[in-house]
1. Could you list the residues of the stretch 143-164 with an amide nitrogen less than 16 Å from a label point located 7 Å from the Cα of N176 in the Cα-to-C-beta direction?
2. For labels at Q6 and K21 in the simple 7 Å Cα→Cβ model, what's the distance in nm?
3. Per DSSP H run of at least 4 residues, take -39500 (n - 2.57); add these up for the chain, divide by its residues and hand me the 222 nm value, nearest 500 deg cm²/dmol.
4. Cα to Cα, under 24 Å, and not fewer than 8 places away if on the same chain: which lysines meet these conditions relative to K130?
5. Once R0 is set to 25 Å, what does the formula 1/(1 + (r/R0)^6) return for the Cβ-Cβ distance between A209 and M102, expressed as a FRET efficiency to the nearest 0.05?
6. What does the net charge come to around L76 if you take all other residues with beta carbon closer than 12 Å to its beta carbon, with K and R at +1 and D and E at -1?
7. Just rank M24, M102, fewest to most, by other beta-carbon atoms within 10 angstrom.
8. Could you compute the net charge surrounding A140? Neighbours are other residues with a C-beta less than 14 Å from the C-beta of A140; K and R count +1, D and E count -1.
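Read-outs throughout are calculated quantities, based only on the coordinates presented, and are distinct from any laboratory measurement. Note that the structure is a prediction, hence the values are computed from the model and not measured. Note that we place each Cβ from the backbone using ideal geometry, even for glycine, and neighbour counts take in every protein chain shown.
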Amino acid sequence: MSVNLQKGQKVDLTKGNTGLKKIMVGLGWDEAPSSGQGKGFLGSLFGGASKTQSIDCDASAILCGSGGKIIGGRALIGQNMLSEDIVYFGNLSHTSRCVKHMGDNLTGAGEGDDEQILVDLQDLPSRYEKIVFVVNIYKAGERNQHFGMIKNAFIRIVDAGTNKELCKFNLSDSYNNMTAMIFGEVYRYQNEWKFNAIGEATSDSGIVATANRYV
């Protein structure tokens with residue numbers, strides 16, 4: 001049976017579940033009704049937000065090494081290319097091939113997962129101790145969009161071998177004016193894998209700013 005998590009709660013993934021080798025991390029969200037139609041449970045809308053453009057949320061995975069930091073100590077390689085340890089819409093597969101982004105969803109429309117990231121826990125190189133799953137609103141400042149305009153946001157962990165949902169975290173705080181979200185993280189602990197439900201909103205402008213938190 002899937003475990004419904006609260007913010008800050010941690011759960012074992014592999015301990016007592018030796019058959020778990022790969023997981024699918026599903027992330028989902030919906031646009032809240034406009035201010036004239038009511039309020040979404042993630043927060044009320046404020047005036048001035050445009051409904052002419054869909055909210056494009058981008059999920060990313062940040063691979064971290066010792067101390068929860070990006071290996072090499074930088075989020076950027078050169079001026080325009082993100083570190084290979086950041087898997088996102090512009091880099092769908094990690095060099096180890098153990099973390100794969102299944103593609104960008106531009107609207108968040110429809111039920112179920114909006115974006116999915118596959119993780120091979122068994123073969124992930126030992127230098128990686130944590131994978132952080134984040135979501136940024138694309139061009140949030142330019143489009144005057146924020147997470148107060150999002151409802152029904154969640155992250156869930158699924159056994160990729162059996163399609164069995166292991167746990168789910170529904171984000172329910174108020175996130176007005178916030179443009180990025182750290183949903184949760186999968187991390188090693190005493191040779192086992194755990195999941196931590198974080199649900200921390202930030203005002204980061206784009207994945208580079210969020211990734212720099214782990215430099």
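1. 145-151
2. 3.7 nm
3. -500 deg cm²/dmol
4. Within the straight-line cut-off, K130 pairs with K7, K10, K15, K21, K22, K69, K100, K164, K168, K194.
5. My answer for the efficiency is 0.55.
6. The answer is -1.
7. M102, M24
8. -3
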